[in-house]
């Protein structure tokens, strides 16, 4: 199995999307800053982001892909039977989404209030709150677009065309960056242009995946919806998977609402910008690995190849930790220089940088846990168990809520990110323990040997970043080119130290490198 190579293509495209997202966020910080207009847009954008994580990146794929693969693998069925199932699922999904979108649009006022806590601490005027509701109404249609796109993406993933689906989010970020560059005005006008770009990006994503499916010989016809046994089973699996896959997003929604209710203007923006930086490695590594592991493990289990499925999960965890441990250390140690280099210009001030950096460090403490949740849940979904992850997700939500209420009075806007990190750790501990007790996952000797060595290499890299920040700090408040050079030197220097430390500690050996090269040539 070419797990590293496949992750490289998926992760590379996801990295392009996340870099464009950073460009978008940097432009937003420049033109909108940390203001009520920024907070209003981010509340409106939270709902599409949450639904994408619930449905597109989690629940639908978790339920649909194993069923689609099973249909394709059944004797006498094959791909025609799988595509017929996809058409039936599309018919029901489309009808539900039409109704759901209409209800959400009608309820946009209470939804906006619930997601923001009414911005009670900021005490907005009626016109300002009406503006926030308008932005929510503009972004809500994206829910339908991304959900339809998720079905097409799930089919392409099942056909091992992972890169096509991974490229789709790039189009959303292109639309939003274009809106910021060409339609910026005062902060409120710019925020509205950003909101309009969200459904435009959704149309582009859906069109891209539809075209890719046609090129792959997949042409789905829209039927009259009918609830047959297969569709009922799909719906039965989707509902618990939605909460299980979206635990982090549920926690972020709670954090956003409590921040709007209890904290001052700009707090939602600090948390958002920090989360966006935290999402860079999470999206590239966690979502990429989860996307690859689910169809791979489900096929292996369906063929009775349990040992290979176990080996795949071990190497998935090993790869996740190899990439996330240094990312966690880097985002904690170098939080302030990273935020300063990316966002501190225009109306985003030095004080905003310090506040955002503290939130970033708190979020990053849970980064390995967020990614391991994505790696471990396919072990349940591939066995069509979507209920166990949802129970653990709800426990994590409770931990997050309690953490928010306890920490916000003590440490302000840093409380919600820290509570989210704690909830992620609880979630991954429960998932791992259950898989181990069931005998569905056993950490092999290679994984157990490498974890402490990877941790040591990450700590050595953190020390180098701390020293490098003192040297490169003047570059990070200069011109755009100087900031780019400074950040590039900081990141590349940290990466080089981590790579060397991995060889010194034997977390990664010369034999591993030769094996990787051989696989890439194969």
Residue 440, sole failed condition from (1) modelled with pLDDT under 75; (2) outside any helix (DSSP H, G or I): (1)
Cross-chain or 6+ apart pairs with Cβ under 6 Å, the range 90-114 first and on the phi > 0 side of the Ramachandran plot and in a helix (DSSP H, G or I), then at pLDDT below 90 and surrounded by 14 or more Cβ atoms within 10 Å (Cβ to Cβ): none
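Sort through 92, 133 and tell me the only one that's closer than 17 Å to residue 44 by Cβ and either touching a helix residue (DSSP H, G or I) at 6+ places or on another chain (Cβ under 9 Å) or at pLDDT below 80 (or both).
On inspection, the qualifying residue turns out to be 133.
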Residues located in the range 194-211, provided they are surrounded by 18 or more Cβ atoms within 10 Å (Cβ to Cβ) and over 27 Å from residue 39 (Cβ atoms): 206, 208, 209
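Taking the condition crowded, with 17+ Cβ neighbours inside 10 Å and either modelled with pLDDT of 80 or more or more than 30 Å from residue 135 (Cα to Cα) (or both), does residue 50 pass?
no
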Some residue of the range 454-472 being buried (at least 16 other Cβ atoms within 10 Å of the Cβ), closer than 30 Å to residue 390 by Cα and at pLDDT 90 or above: yes
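For the range 115-129, which residues satisfy the criterion of being part of a helix (DSSP H, G or I) and either at pLDDT 85 or above or at positive phi (or both)? Spell out the reasoning first.
Applying the first criterion (part of a helix (DSSP H, G or I)) to the range 115-129 yields 115-119, 126-129.
Residues satisfying the conditions are 117, 118, 119.
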Tally of residues being closer than 19 Å to residue 264 by Cα and surrounded by fewer than 16 Cβ atoms within 10 Å (Cβ to Cβ) across the range 386-420: 5
Lone qualifier among 294, 239, 342, 289 - being at pLDDT 75 or above, assigned to a helix (DSSP H, G or I) and either under 21 Å from the mean Cα position of the chain (by Cα) or crowded, with 21+ Cβ neighbours inside 10 Å (or both): 342
Residue under evaluation residue 425, criteria (1) part of a helix (DSSP H, G or I); (2) without any contact (Cβ under 8 Å) to a residue 12 or more places away in the chain, criterion not met: (2)
Matching entry among 168, 175 (being under 26 Å from residue 32 (Cα atoms) and at pLDDT 80 or above): 175
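Can residue 156 be described as under 19 Å from residue 104 (Cβ atoms) and part of a helix (DSSP H, G or I)? Give the derivation first.
Numbers: under 19 Å from residue 104 (Cβ atoms): no; part of a helix (DSSP H, G or I): yes.
No: the conditions fail for residue 156.
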Every pair of residues 6+ apart whose Cβ atoms lie under 7 Å, when the first sits in the range 214-234 and is farther than 24 Å from residue 161 by Cβ while the second is assigned to a loop (DSSP other than H, G, I, E, B): none
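The values are calculated or read from the model by the stated rules, or taken from the named source; none is laboratory data. Everything numeric in this text was worked out from a predicted model, so none of it was measured. Every residue, glycine as well, gets a Cβ built from its backbone with ideal geometry; the counts of neighbours run over all protein chains shown.
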